[in-house]
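Data block below; observations after.
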Amino acid sequence: MKSDRLLSILLLLQTRGRVPARELADRLEVSVRTVYRDIEALSASGVPVYAERGRHGGIELLAGFRTDVTGLTADESRSLFVLAAQGTHAALGLDAALGSALRKVMAALPAPFRPAAEVTSRRVLVDATRWKGGPRRAVDLDVLQDAVFSDRRLRLRYRHGGDAEPRTYTVDPYGLVSKGGVWYLVADRRGGPRLFRADRVRSATLLPDPVRRRPGVELADVWEVLRRQVEERPGNVDVTVRVRRPRLDMFLRLHAASLAELPEDDGAGEWVTARLRLGSVRETRTLLAFGDALEVLAPAGAREEMAATAAAIGAVYEGG
């Protein structure tokens, strides 16, 4: 609706200052011509908004102009009270601020929407942490936040999963991302995108140098590249297994990310055949957790890896 679009433009200009017409058009999924028509409509309604054309031009409000906007719809009001993740705001030191902000929003809501918003806050809960995730190292995001918000470079001492000792990196941060209850620092190192788990940062030092981000690149852009690299990383080994039917559901849950395709299951027989795409033959060792409820059928190297590992485990217990 046009009224929603006008409100969105007003909010963007209040929070961002001068915004290019093309950026407004892209955000609102309309043409630049439509944006200029909307600006004329805002101006005609008494909003002091103006546009400057040219390379460094854009659209902005008259300096000092502010307006209180309480024209939220019922669904928008309810959506504000579905908290994104338990612990996310606490990790950023924003739990108290969030509670205060929600109380202010509740007070500003149109009276008919308040009961629905209150019920939503009591009936819907999002917990992004995994079941049985195990103990995690405490994460201190203070220095990482300082770098992100002050646009400064960082020196990290960071331990990779397979390393015994941490390495030292100088990075240019774009921002912080919480994924599945885990915090990540998204940054450039030597001009290329890198992802750092916050719980593997052994120390972080804020440098006096200003951050050196790639022009026009935002956090969301870098995160999308890194996310796709992780999720679409090709496997090197196709492994065919068969799983006893009582353990099939657990197998599918634990190895969903490695499935080459969903197994064909006609509901009959003791075994179900599945195909996994793994990074290496050594990764088949994780399948030993299923004991005699799973058999690796191919390739031969994977069968040999399973047999050798099982024999080594047996030797440990026989020797004890």
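If each residue of separation counts as 0.36 nm, what is the full-extension length gain between Ala268 and Leu254 once their alpha-carbon separation is subtracted? Don't jump to the answer; show the numbers that get you there.
Working: separation 14, 0.36 × 14 = 5.04 nm, distance 2.24 nm.
Answer, rounded to one decimal: 2.8 nm.
Taking all protein chains together and a probe of 1.4 Å, list Arg200, Arg153, Arg103 from the most accessible to the least accessible.
On the way: Arg200 75, Arg153 35, Arg103 160 Å².
Descending accessible area places them as Arg103, Arg200, Arg153.
Please list, ordered by chain and number, the residues whose modelled amide H lies under 5 Å from the amide H of Leu297; skip anything fewer than 5 residues away on the same chain.
Thr240, Val241, Arg242
Pull up all non-local amide H partners of Lys179: gap of 5 or more, or a different chain, and H-to-H distance under 5 Å with H placed in the peptide plane.
Long-range HN contacts for Lys179: Tyr184.
Calculate one ³J(HN,Hα) per residue across region 36-51 by plugging θ = phi - 60° into the Karplus curve 6.51 cos²θ - 1.76 cosθ + 1.60, and present them in order as whole Hz with x for glycine and proline.
5, 5, 5, 5, 4, 5, 5, 4, 5, 8, x, 7, x, 10, 9, 10
What spacing in nm lies between the two simple spin-label points modelled at Ser43 and Leu206, each 7 Å away from Cα in the Cβ direction?
Each label point lies 7 Å from its Cα, and together they span 4.2 nm.
Would you pull out the residues with amide H under 5 Å of Arg152's amide H, same chain only if 5 or more places away, H placed 1.01 Å from N?
Amide H neighbours of Arg152: Val211.
Ignoring ligands, DNA and RNA, how do Met250, Met106 rank by accessible area with a 1.4 Å probe, largest first? Mind dumping the intermediate values first?
Numbers: Met250 80, Met106 45 Å².
Largest accessible area first, the list is Met250, Met106.
What does the accessible area of Phe251 come to, in Å² to the nearest 10, when a probe of 1.4 Å is used?
Using a 1.4 Å probe on the heavy atoms, I get roughly 0 Å².
At what distance in nm do the modelled label points of Glu318 and Asp163 sit from each other, each positioned 7 Å from its Cα along Cα→Cβ?
4.0 nm
The values are calculated or read from the model by the stated rules, or taken from the named source; none is laboratory data. This one's a predicted model, so the numbers in the text were calculated from it and none came from an experiment. Glycine also receives a Cβ, built like all others from the backbone with ideal geometry; neighbour counts cover every protein chain displayed. Note: accessible area is taken over every heavy atom of the protein model, side chains too, but ligands, DNA and RNA are not part of it. Shrake-Rupley method; radii C 1.70, N 1.55, O 1.52, S 1.80 Å.
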